[in-house]
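Throughout, read-outs are computed from the coordinates displayed, never taken from laboratory work. No experiment lies behind these values; they were computed from the predicted model shown. Note that we place each Cβ from the backbone using ideal geometry, even for glycine, and neighbour counts take in every protein chain shown.
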Amino acid sequence: MRDESTRELLTMLATLTGSIAACAPRAARTPAAGPAIDSGFSPAAAAVAKILYCAGTTLATLPSPVGWRRNLLRGALHAGTLSGLAGARQAALYGDATGPHRIPQPTATAVN
């Protein structure tokens, strides 16, 4: 029962955000990233709001083993965005290209 009410709430939110996006001026939309809506908030404030929303939905979807993990992951990604906005360096996930384990790139040689 709780899963159905959560699903209905999320469906209504998706419908509402789709309606808001349809009202946005054509020039404000970016096809790759979705609709751009000027909320009047700074990007950091928007990221904090998204983190709090994801925390709430994580708690609301605790009965669903997939749902709470999905919402927790979304919140963690928004936290990463917030840390990037705060000026933190990005993690080098695959190593530094200039480090000691760098794979040598083939050099072009002149053919005579």
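Spacing of the modelled spin labels on R70 and L85, each 7 Å from Cα toward Cβ, amounts to 2.4 nm. In terms of the mean number of neighbouring beta-carbon atoms within 10 Å, the peptides 83-89, 59-65 order highest first as 59-65, 83-89.
When each of L82, L52 is scored by the number of other beta-carbon atoms lying within 10 Å, the sequence from fewest to most is L52, L82. Using R₀ = 35 Å, calculate the FRET efficiency as 1/(1 + (r/R₀)^6) where r is the Cβ-Cβ separation of A92 and T6; round to 0.05. So, using R0 = 35 Å, E works out to roughly 0.40.
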